[in-house]
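Novice: If you scroll down you'll find the structure; I have some questions about it.
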Amino acid sequence: MAGIWVFAESREHTRELLGAGRELADRMGTTLGVFAQGASASKEYIACGADEVFVLPVLGEDEPLEACVPVLADAVSAGDPDVIFIGATARGKTIAARLASRLKTGLCSCCSGFVYDEGDKLLRMERMVYGGAGIQTVVCETRPQMATIAPRTFAPAPEQEGRSGKVSELPVVPESGVKVLDRLPRQRGAVDVTRAKAIVCVGRGVEKAEDITLARDLADVLGAEVACSRPIAEELQWLPEDVYLGISGKRVKPELYVGVGVSGQIQHVTGIRDSRVIFAINRDENAPIFEAADFGIVGDLYQVVPKLIDEFKAALKA
Amino acid sequence: MLKTIACFKWVIDDADIRIDAGTRKLVLDRAGYKISAYDRNAIEEAVLLQEKHGGTVCAVTVAPSSAKACLKDALSRGPDNACYINDPSFADLAPAQTVSILAAGIKAGIEFDLIICGEGSGDLYTQQVGPALAETLGIPCITYVNKLTYSESDRRITAERKLEDGIEVVSAALPALVTILPDINTPRIPTLKQVLGAAKKPALNVTLDSLGPAGDPCLKTVGIQAAVMDRKKIRFAADAEGIRAAVGALLKEVAIA
């Protein structure tokens, strides 16, 4: 047996992995398999390129998703796929690491892209290291070759008519040592910074929570959303966590990014790397953000931002 | 008695990494080393649990033999003792190798109820070692934890996991392993007394001879290149004229709605 197998928590993410997997399966001349949570998604996944669907049984209320690791491992041992892609969400990354450990194979964490080498039949997989300062290329020399892939890395596979595939059910998941006591759904903020055309980002240079109004005023003039660096959301909790930018937060690609008191740690810069124009205001002339910026002003943001707002207003009115 | 292991990694300080734009190489040779940021949270969490429930804290690392300075740093942050699993060849280990060495070292001589790891290391950030170590040791694993409590009466831990879709509150009997997020605590800054005291604390030196071979890397690094970004890097003065010029330059580049 052989094949490319994929697994992700959400349908959207699964379809993205099916898109990447279908292309690779065709190049390798092999089949595409997918793990589904419940049988209802089978038809969709087959239409999206899957040749085989492995349906995981419905888990008990108090079982975490990671409980399915032993069943996944047994299925992989029996089916012997060449490649496994798993969605790099918190649960997916945990499942992948445990699965790779069980299977005694290598795992490329948060793979951002890959090239298939026809010669040795191995994937050259890329991932970020040192907070985004470096790009590491790895090959997995053991079977199966494994990678986790973040959401929105690949385009979702489109549904096609007339495809057929096999559906099989996996056995019952054994009870795990971890019990879920409660689930508290995330309160989603109204703002989706990943879709914003312009972003004003608040960093540690802002001294008080109230001063974020200054960034908001600038954002209003620019038609921008307000985002922040990790400490502003996690340590200080001045802004919700779904607006912090960085390697472990949201990655954005606006037309314009304005950093207000953002120092520019590499982990943050990695999240804004794809912005078209980066503009930074910081009092420290040695702040690394200036190395990552197109335009910069070295100065006190409390002096600069109000003037900037006036200048933008005047220029946009003209 | 709660016996806790806090795992940590001695990593290159990423603030010291320089990029050679010509060769697209990372210049690492002049970089300093530090305890990986999230592992400081792991040590702190272990020490906080000890302050509340008693017991012991052992800080464990797998490192090249040149990393001995990590012991004093780790021990100054509160653990009772450290375990330094080292060999000159332990410089660029693949996650699977770190896991097998760590598991062998722990099995050989560290008693534990709870293992705490950071969510990922500051250098390679594969986020694999915690969950893979739990799998190898055959103990329950709870990842991405931002709140952790221990109940002495039934010897269980309860943890809040911060996941994409919300918080998952879970519980497991000890022994178990958790990986924690940086917002779980604020690591204390060691006092001078703690720094001086660290040198007197016991550190167990474990070498490869006593553990056997490091195992198959599974994952091979073909190369590491600098991630370069082309930016204009134009600076404007902070006075009225400079700000006006900056606005002009920005509006030329970007259409603002």
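The values are calculated or read from the model by the stated rules, or taken from the named source; none is laboratory data. Just so you know, these numbers come straight off a predicted model, no measurement behind them. In this analysis, Cβ positions are derived from the backbone assuming ideal geometry, glycine residues included, and neighbour counts consider all displayed protein chains.
Novice: Does the stretch B:13-25 hold any residues that are in contact with a helix residue (DSSP H, G or I) (Cβ under 7 Å, 6 or more places away or on another chain) and either under 18 Å from B:L148 (Cα atoms) or not acidic (D, E) (or both), and which are they? Lay out the reasoning, then the answer.
Specialist: Just the residues of the stretch B:13-25 that are in contact with a helix residue (DSSP H, G or I) (Cβ under 7 Å, 6 or more places away or on another chain), to begin with: B:14, B:17.
If the condition is that a residue be in contact with a helix residue (DSSP H, G or I) (Cβ under 7 Å, 6 or more places away or on another chain) and either under 18 Å from B:L148 (Cα atoms) or not acidic (D, E) (or both), then B:I17 is the only one that fits.
Novice: Return the only residue of A:R183, A:R216, A:R152 being at pLDDT 95 or above and more than 11 Å from chain B (Cβ to nearest Cβ).
Specialist: A:R216
Novice: Taking the conditions exactly as written (within 7 Å of chain B (Cβ to nearest Cβ) and either touching a Pro at 6+ places or on another chain (Cβ under 9 Å) or at pLDDT 95 or above (or both)), does A:V269 satisfy them or not? Before the answer, list the steps.
Specialist: Values: within 7 Å of chain B (Cβ to nearest Cβ): no; either touching a Pro at 6+ places or on another chain (Cβ under 9 Å) or at pLDDT 95 or above (or both): yes.
No: the conditions fail for A:V269.
Novice: Further question: Criterion first (under 30 Å from A:T31 (Cα atoms), modelled with pLDDT under 95 and under 20 Å from the mean Cα position of the chain (by Cα)) does A:R188 satisfy it?
Specialist: Details: under 30 Å from A:T31 (Cα atoms): no; modelled with pLDDT under 95: yes; under 20 Å from the mean Cα position of the chain (by Cα): yes.
Here the answer is no, as A:R188 does not meet what is asked.
Novice: Taking the stretch A:219-231 on its own, how many of its residues are part of a helix (DSSP H, G or I), under 23 Å from B:P182 (Cα atoms) and either modelled with pLDDT of 95 or more or within 9 Å of another protein chain (Cβ to nearest Cβ) (or both)? Please lay out each step first, then the result.
Specialist: Residues of the stretch A:219-231 part of a helix (DSSP H, G or I): A:219-222, A:230-231.
Imposing the further condition that a residue be under 23 Å from B:P182 (Cα atoms) reduces the set to A:230-231.
Add one more test, that the residue is either modelled with pLDDT of 95 or more or within 9 Å of another protein chain (Cβ to nearest Cβ) (or both), and what stays is A:230.
Total meeting the criteria: 1.
Novice: Next up: Give me a count of the residues in the stretch B:177-207 that are more than 22 Å from the chain's Cα centre (by Cα) and assigned to a helix (DSSP H, G or I).
Specialist: So the count comes out to 4.
Novice: Filter the stretch B:149-174 for residues that are under 13 Å from B:H53 (Cβ atoms) and in contact (Cβ under 8 Å) with a residue 24 or more places away in the chain; which is farthest from the other protein chains (Cβ to nearest Cβ)?
Specialist: Going through the qualifying residues, I end up with B:E152.
Novice: Any idea which residue in the stretch B:27-46 is nearest to the chain's Cα centre (by Cα), counting only those that are touching a residue at least 12 places away in the same chain (Cβ under 8 Å) and surrounded by fewer than 22 Cβ atoms within 10 Å (Cβ to Cβ)?
Specialist: Only one residue fits best here, namely B:A37.
Novice: May I ask you to say which residue of B:I139, B:I157 is within 22 Å of B:M1 (Cβ to Cβ), touching a Pro at 6+ places or on another chain (Cβ under 8 Å), not in a helix (DSSP H, G or I) and not charged (D, E, K, R)? Reasoning before the result, please.
Specialist: On the way: B:I157 fails: touching a Pro at 6+ places or on another chain (Cβ under 8 Å).
Checking each option against the conditions leaves just B:I139.
Novice: Follow-up question, since we're still on this one. Of the conditions (1) assigned to a loop (DSSP other than H, G, I, E, B); (2) free of Cβ contacts under 8 Å to residues at least 40 places away in the same chain, A:S40 fails just one. Which one is it?
Specialist: Condition (1) is where A:S40 drops out.
Novice: What's the number of the condition B:D216 fails, among (1) acidic (D, E); (2) within 30 Å of A:A287 (Cα to Cα); (3) in contact (Cβ under 8 Å) with a residue 40 or more places away in the chain?
Specialist: (2)
Novice: Do we have B:I85 as buried (at least 18 other Cβ atoms within 10 Å of the Cβ), more than 12 Å from the chain's Cα centre (by Cα), modelled with pLDDT of 95 or more and away from chain A (no Cβ under 14 Å) here?
Specialist: Answer is yes for this residue.
Novice: Of all residues in the stretch A:176-198, count the ones that are part of a loop (DSSP other than H, G, I, E, B) and in contact with a Gly (Cβ under 8 Å, 6 or more places away or on another chain).
Specialist: 2
Novice: What residue, among those in the stretch A:199-213 that are buried (at least 22 other Cβ atoms within 10 Å of the Cβ) and either part of a helix (DSSP H, G or I) or within 21 Å of the chain's Cα centre (by Cα) (or both), is farthest from the other protein chains (Cβ to nearest Cβ)?
Specialist: Residue satisfying both the conditions and the ranking: A:C201.
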